[in-house]
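Read the structure below first, then the notes.
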Amino acid sequence: MSPPLVVAFALAGRVDIDLTTEPIGKGKGGEDVFLKDIWPTLREVRDQMQSALKPEVFRQLYRDFAQQNPKWNEIPSSTGNVYQWM
């Protein structure tokens with residue numbers, strides 16, 4: 001199941017719900033809130049992907065990955081063409 005659907009079911013508080021016809025909760029004013037009200041549009045998804053899929057974003061996030069994540073360096077590894085599974 002996709003992460004957004006997991007969140008939708010969590011908001012509804014149950015899994016035996018028809019997300020296409022039943023509200024997942026109530027808004028601040030007491031109005032029913034449906035999945036379609038909180039699901040992002042294709043345009044919103046595209047806009048977010050365009051802003052995230054830029055080389056400078058990857059450079060910033062992964063430039064010093066090993067230094068920013070010391071636990072990563074503690075993972076045992078081997079050299080060669082095939083990983084030596086334990």
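The values are calculated or read from the model by the stated rules, or taken from the named source; none is laboratory data. As the structure is a computational prediction, the values presented were derived from the model and not from experiment. Side chains included, ligands, DNA and RNA excluded: accessible areas come from the protein's heavy atoms. Shrake-Rupley method; radii C 1.70, N 1.55, O 1.52, S 1.80 Å.
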query = Given the conditions (1) assigned to a helix (DSSP H, G or I); (2) more than 15 Å from the chain's Cα centre (by Cα), which single one is not true for Lys28?
reply = (1)
request  = Determine whether region 41-56 contains at least one residue that is at pLDDT below 95 and open to solvent by less than 50 Å² (accessible area, probe 1.4 Å).
outcome  = yes
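Sort out which residues of region 31-73 are in a helix (DSSP H, G or I) and among the acidic types (Asp, Glu), and write them in order of number. Can you show your working first?
Taking region 31-73 and keeping what is in a helix (DSSP H, G or I), we get 35-38, 42-52, 55-62, 65-68, 70-73.
Passing the criteria: Asp37, Glu44, Asp47, Glu56.
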